[in-house]
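Worksheet: one structure, shown below.
Bear in mind that the values in this text are calculations on the coordinates, not laboratory data. Model, not experiment: these values are computed from the prediction. Because the Cβ atoms are built from the backbone with ideal geometry, glycine has one as well, and the counts that use them run over all protein chains shown.
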Amino acid sequence: MNDRTFLDLWPVVRQLRSGDLLGRGEAAKSGPTRRLTPRTATADQVVKSVCPYCAVGCGQTVYVKDGAVVQIEGDPDSPVSRGRLCPKGSASKQLVTSPNRVTKVRYRRPHSTEWEDLDLDTAIDMIADRVIDTRARTWVWEEDGKRVRRTMGIASLGGATLDNEENYLMKKLYTALGAVQIENQARI
């Protein structure tokens with residue numbers, strides 16, 4: 001081993017020779033680190049997205065390779081977050097890649113101890129039938145001689161992950177159904 005190669009193993013020598021006196025660039029990299037390839041460099045598609053965790057709407061850059069998400073980072077072009085993500089947003093890749101992610105509609109019938117898988121169309125039809133039935137059973141046209149046109153059998157509690165547009169649509173939907181108990185968790 002010649003002197004130059006042996007000395008280059010020392011980070012301080014690499015810092016002095018490269019001019020990287022603060023040791024934040026190439027001088028800080030070891031041999032194995034230099035041989036690594038970032039996941040973002042291997043992506044064949046880059047997609048702009050929005051973090052789903054809260055109503056702030058931080059911008060995300062999603063790197064995709066062969067149809068699978070390989071990395072999610074903050075979007076530096078986002079006026080909301082300017083490339084930064086909180087710990088939850090930074091870990092959002094797990095939402096789509098975790099082996100524990102539930103990808104089917106799970107349903108447990110009344111008095112049952114077992115869960116069953118339902119197809120999405122069946123689940124949506126069951127929900128629609130229950131909403132229609134509840135509204136029909138609990139609809140009140142008048143109360144104490146005053147026209148109220150409402151149902152107290154349907155309520156909505158929105159989550160903090162809903163943005164303004166989604167909250168607007170939720171309010172419109174539940175108001176059209178006659179619900180008056182419409183709240184959002186972000187206000188609690």
Listing 154, 132, 72 by rising number of other beta-carbon atoms within 10 angstrom, fewest first, gives 132, 154, 72
Calculated from backbone phi, Karplus (6.51, -1.76, 1.60) coupling profile of region 63-69 in Hz, x at Gly/Pro: 9, 10, 10, 6, x, 10, 6
Considering the chain as a Gaussian network with a 10 Å cut-off on Cα pairs, which listed residue, 18, 92, 78, attains the greatest mean-square fluctuation? 18
Kindly state, to the nearest 0.05, the FRET efficiency for residue 28 paired with residue 183, given R0 = 35 Å and r defined as their beta-carbon distance. 0.10
Explain nothing, just the number: relative contact order of the chain, from Cα pairs under 8 Å at least 6 residues apart, as a whole percent. 12 percent
Where does each of 37, 138 land when they are ranked from fewest to most other beta-carbon atoms within 10 angstrom? 37, 138
Here the cysteines of the chain without any disulfide-compatible Cβ partner under 4.7 Å are 54, 86
Hydrodynamic radius (Kirkwood) for the chain, which is based on Cα pairs only, to one decimal in Å: 22.3 Å
